[in-house]
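Some notes on the structure that comes next.
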Amino acid sequence: MEIEIDGSHGEGGGQMVRTAVGLACALGKSVFIRDIRKGRSKPGLRAQHLAGIELAAEMCDAEVSGLEIGSTEIGFRPRSNVGGRFQVDVGTAGSVSLVLQTCLIPALTAKGATELLIRGGTDVPWSPPINYISMVMLPLLQRMGADVDISVSQRGFYPEGGGEITARVSPGGLKGVDMSSRGGLAGIDGSIACRNLPSHVVDRARDAAAKGLDCDKSAVFSVDSARGPSTGLSLVLAARFENSVIGSSSLGGKGLPAERVGEIAAQGLLEEMNSGAALDSYSADQIIPFVFLADGASRFTASELTLHAKTNLHLAGHFVKREVATEETDGSVLISIR
């Protein structure tokens, strides 16, 4: 039986397509998505959506209809999900992180190991930098039993792109997780990625971030600075707690001083930490498809139940029947999925 999804529901963007295709592939369920990105200035599928669907389709030998730029509806009918080596080029600075969001879902449920080589933008606007995925999302998924490794061969900044990553995923059942309390702070990590910029830019961003982190643990920064096909600056911060990880990020841009890049990332992390929640507002919506696939109940607190999170809860419920409850707490939201 085919599942029909209204692509204009809730957030109504590309996330609807990414989550629906990922879950369809993982569960072997056919899906039809209509009114894709209906309210956007350019409705329908864009290049990075196509890349994610194409890669997922190859992973699960799916029959796909409507796969073209501007298409507002697609049919996706998976046949098998056995693992293997796959690659896709998003083109220019299309986000590799968003493609990975789609394809990690079936990769973790495949019968064999999966290797994904994805080319495009690693650090671009309107998507999580690849270091946020590595530093925040992967540790959260590892708590659920996931075995994923990501390596970055090249950085790709907007608008040139040219980045490349490889994700290696071992199959295994996901288990429910309790992250209703984050526990004590274990430390803060920072990572700076830079291409084709002088060393003082890195120093200024790092120093501003370190100064802005008004907490009892000093941050330890890693730096990836070199020449490359694109020019840019990216900073990711991750606060490690006993039971969870919270993250924040900031991108450089024309006219934005390096100091502001550091300040923005630090301010964002402190705001998330001050909520008392175990997950930040971005990871909370990204983890939902995996929680629905997990064996057993899960609970987690989020700094905010965003429209993206509400949309993912609604969408995942079309594929897996779960009992969902949300409860407002002091400065955060408790989400229970049984």
Exercise for review: Give the residues of the range 241-257 that are within 20 Å of ASP203 (Cβ to Cβ), crowded, with 19+ Cβ neighbours inside 10 Å, touching a residue at least 40 places away in the same chain (Cβ under 8 Å) and not hydrophobic (A, V, I, L, M, F, W, C), sorted by residue number.
Suggested key: SER249, GLY252
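Taking the range 223-240 only, how many residues are out of contact with any helix residue (DSSP H, G or I) (no Cβ under 9 Å at 6 or more places or on another chain) and either crowded, with 22+ Cβ neighbours inside 10 Å or part of a strand (DSSP E or B) (or both)?
First, the residues of the range 223-240 that are out of contact with any helix residue (DSSP H, G or I) (no Cβ under 9 Å at 6 or more places or on another chain): 226-232.
Subsequent filtering for residues that are either crowded, with 22+ Cβ neighbours inside 10 Å or part of a strand (DSSP E or B) (or both) retains 226, 230, 232.
Of the residues in the range 223-240, 3 are out of contact with any helix residue (DSSP H, G or I) (no Cβ under 9 Å at 6 or more places or on another chain) and either crowded, with 22+ Cβ neighbours inside 10 Å or part of a strand (DSSP E or B) (or both).
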Review point. Looking at SER30, is it in contact with a Ser or Thr (Cβ under 7 Å, 6 or more places away or on another chain) and within 20 Å of PRO289 (Cβ to Cβ)?
Key: no
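Taking the residues in the range 1-16 that are in contact with a strand residue (DSSP E or B) (Cβ under 6 Å, 6 or more places away or on another chain) and either crowded, with 19+ Cβ neighbours inside 10 Å or of a type in the set (Phe, Trp, Tyr) (or both) as candidates, determine which candidate is nearest to ASP61 (Cα to Cα).
If we filter the range 1-16 for residues that are in contact with a strand residue (DSSP E or B) (Cβ under 6 Å, 6 or more places away or on another chain), which is where we start, we get 2-5, 7.
Now narrow it down to the ones that are either crowded, with 19+ Cβ neighbours inside 10 Å or of a type in the set (Phe, Trp, Tyr) (or both): 5, 7.
Numbers: ILE5: 21, GLY7: 23 Å.
The qualifying residue nearest to ASP61 (Cα to Cα) is ILE5.
Can you pull out the residues in the range 105-119 that are without any contact (Cβ under 8 Å) to a residue 60 or more places away in the chain and more than 17 Å from GLY52 (Cα to Cα)? Explain how you work it out, then say what you get.
To start, the set of residues in the range 105-119 that are without any contact (Cβ under 8 Å) to a residue 60 or more places away in the chain comprises 112-115, 117, 119.
GLY112, ALA113, listed by residue number.
Inside the range 1-111, counting only helices (runs of 4 or more DSSP H) that do not spill past its ends, which hold 2 or more residues that are of a type in the set (Asp, Glu)? If you could, list the steps in order and put the result at the bottom.
Working: elements: 14-27, 47-59, 96-107.
In the range 1-111, the matching helices (runs of 4 or more DSSP H) lie at 47-59.
Each value in this text was obtained by applying a stated rule to the coordinates, not by laboratory testing. Predicted model, so just to flag it, every value in this text is computed and none were measured. Glycine gets a Cβ as well: all are built from the backbone with ideal geometry, and neighbour counts include every protein chain shown.
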